[in-house]
Each structure stands twice: as structure tokens, then as C-alpha cells.
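Have a look at the structure below, then the notes.
Values in this text are rule-based calculations from the coordinates and carry no lab data. Being a predicted model, the structure only gives us computed values, none of them experimental. In this analysis, Cβ positions are derived from the backbone assuming ideal geometry, glycine residues included, and neighbour counts consider all displayed protein chains.
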């Protein structure tokens with residue numbers, strides 16, 4: 001099974017506002033960069049979208065080391081999701097989970113691969129995280145230019 005490193009990041013100009021996501025996939029000597037954006041979104045949505053788009057780019061089942069600087073994504077996957085699913089995608093307070101359609105997409109993709117989640121502190125010189133941040137900001141800037 002192929003092992004891939006995936007660095008993801010989201011950005012938002014205003015929250016909500018125009019936002020972007022970026023993903024860097026590294027497999028051996030190969031690197032693929034992805035980015036995109038939405039005109040009216042939130043940072044959390046873009047963080048999720050980065051992970052979704054990165055995993056969606058994989059053509060077959062892979063072992064993935066996914067790096068995120070988002071506590072929201074890290075905690076959602078590692079701490080909250082099992083309870084949300086058990087409660088019919090409701091929080092412990094019985095309220096609907098925010099961004100549920102994105103969490104459900106991410107859950108489906110995670111189940112298609114062997115994903116190892118890694119949290120990295122943002123803006124501390126981690127090359128993969130810094131590049132994903134640049135791509136996310138490019139995605140957001142492209143949206144601003146189109147509006």
C-alpha cells in the first residue's frame with residue numbers, strides 16, 4: 001500500500017467571508033498541489049474542505065499521514081465524531097453538528113484509506129504546512145478577484 005503525506009490548510013478573509021483551502025500531497029519524489037475557494041464560507045469549512053479535497057485526489061487506497069494545524073479538524077476526527085455518529089450527527093447538547101455534510105464526506109473518505117492524523121502548529125516553519133497555507137491563501141485571493 002502506498003504511503004502519502006498530506007498537508008492541509010484553510011484560510012478565510014473575514015469569518016465568514018471569502019475563503020480558500022490548500023493541500024499538498026507527497027508520494028516519494030512526487031508532489032501534487034491543490035487549492036480552491038468559496039465566496040462566502042468560514043475558516044472551519046475551509047479546513048475541512050482541504051482534507052476532503054486532498055483525500056479525494058488519491059486514486060487508490062493509501063496509507064496517509066495527514067497533517068493539519070486545525071484543532072477543529074483534529075478534535076472532530078479524534079474526539080467528537082464517534083459521539084456525533086452515535087447521536088445521529090447531533091452534539092452532546094443535542095444540537096445539529098455544524099458543517100455536517102463536510103464531516104460526513106470526510107468520514108467516508110477516511111474510511112477508504114488508512115489515515116494517521118497529525119496536528120502541527122501553524123506558521124512555525126513546517127514546510128508542508130507553510131505551503132498548504134500559501135495555497136489556501138491563493139484560493140481565497142482567487143475568489144476575491146472573481147467577486
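Side notes on the structure shown:
- Residue-span extension gain [residue 75 to residue 63] - 0.36 nm each, minus C-alpha spacing: 2.3 nm
- Dividing the helix sum by the residues of the chain, where each DSSP H run of 4 or more adds -39500 (n - 2.57), gives a mean residue ellipticity at 222 nm of -11500 deg cm²/dmol.
- If the chain linking residue 117 and residue 1 were pulled fully straight, counting 0.36 nm for each residue of separation and taking away their Cα-Cα distance, it would gain 40.0 nm.
- Anisotropy class of region 60-147 from Cα gyration tensor, a/c 1.5 cut: prolate
- Projection of the Cα convex hull of region 2-146, averaged over all directions and equal to a quarter of that hull's surface, yields 8.6 nm².
- Ordering of 79-92, 42-55, 132-145, 60-73 by burial proxy (mean other Cβ atoms within 10 Å per residue, highest first): 42-55, 132-145, 60-73, 79-92
- Short-range pairs are left out: with C-alpha atoms under 8 Å and at least six residues apart, the relative contact order of region 72-129 is 22 percent.
- The chain - percent relative contact order, Cα under 8 Å, separation 6 or more: 36 percent
- Length added when fully stretched, residue 142-residue 126, from 0.36 nm per residue minus Cα-Cα: 3.3 nm
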